[in-house]
Structure formats: structure tokens, C-alpha cells
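Accompanying notes for the structure given below.
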Amino acid sequence: QVLLEESGGGLAQAGDSLKLTCVRSGRTFSTYDMAWWRQCPGKEREFVAGITWSSSTIRYADSVKGRFTISRDNARASTYLQMNNLKPEDTAVYYCAASLGIHEVMTTPSYWGQGTQVTISS
């Protein structure tokens, strides 16, 4: 099993920035593609951003394009989500996810973190 742990969530005002970090513990033999998902109150969990092992392919949901940036540092086994110009509608539990394949991690991830709460007030 792959253990994913998110950090960096919290409470912020509209227009502020937050940076989320996802750390994969241990070591695997696989080059996982990574993604961030979120679940807004009363909504289904939705894809936010995805990135391949080499960062050669990056995808964003339309709702965050131009505001959020996904990146990774494989030497640190870390994946990041820089969130700028936050809006109240960004309030959600944010989840880190991993899979073998960019399509898979954007649709049916194999591994999930426990989630971190992001709350944006106006």
C-alpha cells in the first residue's frame, strides 16, 4: 500500500493563497502519476489537478485553471498544490491521489490520502 499524507490546509480569506503538500511515505518501485481532488460540501468528489511522474503532462479542472498550480518534487516524494486567488467556492476537503496512469488518477485513483480541510471565507 501507498501512504499519502496531506498538509497545508486551513482557514483563509477570499483572495488569499494557500499551498498544499502531499507526501508519499516509504519507497515504491512505481512511478506514480499524482492528482489533487476535492469534495465540496454537499457535492460529489471532483478532480482538481493532475501531473505525471516527469511533469510532462499537467491537467486542471476548468474551475481552477489560472488560479491553481500543481507541481512535484520526486526527490522529496512530494506533490504540491499552490492555490491563489482563493474563492469561497473553493471550500472543500482536498485529497491527494496516486495511480499508474494520468487517465486513471484523473478518474479512478488507486490510492488516496486522508484529506485536508480548506475553508475560504468572504
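The values are calculated or read from the model by the stated rules, or taken from the named source; none is laboratory data. On a predicted model such as this, the values are computed, not experimentally measured, just so you know. Positions of Cβ are backbone-derived with ideal geometry, glycine not excepted, and every protein chain shown enters the neighbour counts. Protein only, heavy atoms only, side chains kept; ligands, DNA and RNA dropped before computing areas. Shrake-Rupley method; radii C 1.70, N 1.55, O 1.52, S 1.80 Å.
Here are the numbers for the structure shown:
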{"quantity": "Residues of segment 4-52 satisfying the condition of being over 13 Å from residue 80 (Cα atoms), hydrophobic (A, V, I, L, M, F, W, C), more than 11 Å from the chain's Cα centre (by Cα) and modelled with pLDDT of 95 or more", "calculated": "11, 12, 14, 40"}
{"quantity": "Residue within segment 66-73 that is under 22 Å from residue 5 (Cβ atoms) and either part of a loop (DSSP other than H, G, I, E, B) or in contact (Cβ under 8 Å) with a residue 40 or more places away in the chain (or both) present", "calculated": "no"}
{"quantity": "Pairs where the first residue, in segment 5-33, is within 21 Å of residue 117 (Cβ to Cβ) and of a type in the set (A, V, I, L, M, F, W, C) and the second is outside any strand (DSSP E or B) and open to solvent by 50 Å² or more (accessible area, probe 1.4 Å), C-beta under 7 Å, 6+ apart", "calculated": "14/87; 14/88; 14/122"}
{"quantity": "Hey, residue 31 among the hydroxyl-bearing types (Ser, Thr, Tyr), within 16 Å of residue 73 (Cα to Cα) and touching a strand residue (DSSP E or B) at 6+ places or on another chain (Cβ under 7 Å) or not", "calculated": "no"}
{"quantity": "Single residue of segment 85-94 satisfying the filter (surrounded by fewer than 22 Cβ atoms within 10 Å (Cβ to Cβ) and under 18 Å from residue 6 (Cα atoms)) that is farthest from the chain's Cα centre (by Cα)", "calculated": "91"}
{"quantity": "Residues being part of a strand (DSSP E or B), open to solvent by less than 30 Å² (accessible area, probe 1.4 Å) and of a type in the set (Val, Ile, Thr) - total across segment 95-122", "calculated": "3"}
{"quantity": "Filter result for residue 49 (open to solvent by less than 40 Å² (accessible area, probe 1.4 Å), touching a Phe, Trp or Tyr at 6+ places or on another chain (Cβ under 7 Å) and not hydroxyl-bearing (Ser, Thr, Tyr))", "calculated": "yes"}
